[in-house]
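Heads up, the thing below is written out as structure tokens.
The values are calculated or read from the model by the stated rules, or taken from the named source; none is laboratory data. Keep in mind it's a predicted model, so treat the numbers as computed, not measured. Positions of Cβ are backbone-derived with ideal geometry, glycine not excepted, and every protein chain shown enters the neighbour counts.
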Amino acid sequence: RSEVLGMPARLDGTGACVAAAARLYELAEAEAKATTADLDERERADLKAAFGEGSTGKGVAKAVRGASGALKDLEEQQKRRATRIKRDTYDTALMDLVAFYRDVLAVQLGAQVELSTASHEGDLQRVARSSAPEATLRRIDAIMLCRERIAANVHPQIAMEAMTAALYQG
């Protein structure tokens, strides 16, 4: 979360926008892989054991061959789960960015509210001083559009590149 919240202050050019989008994509990929790797392997091993892999005796070879369809189904389920986890990770990061820009808007308007991203107050102040409230609203809209694009199956890295460019332009 800290890396995501520090991103708006680092968007100082097109290269930084592309790098930020790539980093968001990498973070989601890594989190999904870390979350699912052990579980996926354990599920595969359990399924193979249930079909008799590693056993000996009459009919074991036939049962193990029959496991290939079940294994393929399991791998498809695991792939769908990994995709859901990635999308959830993207969404969490994007909502963290919305919270950041909501706080920027609060600072710009002088609202007396608790800032949900107060741990990045220096970045909040810097971004708030460098733009107008209208630009902040456009940035929030760009983040929400990115969420919609990802939900509509646009490749996440492409959607995030468009978003980070919009964040930079204001």
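Couple of notes before you dig in:
- Residue that is under 24 Å from the mean Cα position of the chain (by Cα) and modelled with pLDDT under 95, where the choices are Y101, Y90: Y90
- Pairing each residue of the range 72-90 that is within 15 Å of N153 (Cα to Cα) and in a helix (DSSP H, G or I) with any residue that is among the hydrophobic types (A, V, I, L, M, F, W, C) and modelled with pLDDT of 90 or more, provided the two are 6+ apart or on different chains, yields C-beta distances under 8 Å for R87/I150; R87/A151; Y90/I150; Y90/M160.
- Residue list for the range 1-22, filter: surrounded by fewer than 18 Cβ atoms within 10 Å (Cβ to Cβ) and not in a loop (DSSP other than H, G, I, E, B): S2, E3, G6, A9, R10, T14, G15, A16, V18, A19, A22
- Top-ranked residue in the range 139-156 [being part of a helix (DSSP H, G or I) and surrounded by fewer than 16 Cβ atoms within 10 Å (Cβ to Cβ); ranked as modelled with the lowest pLDDT]: A151
- Residue tally, condition surrounded by 13 or more Cβ atoms within 10 Å (Cβ to Cβ) and in a helix (DSSP H, G or I), over the range 91-118: 18
- Qualifying residue in the range 162-170 (condition: in a loop (DSSP other than H, G, I, E, B) and modelled with pLDDT of 95 or more): no
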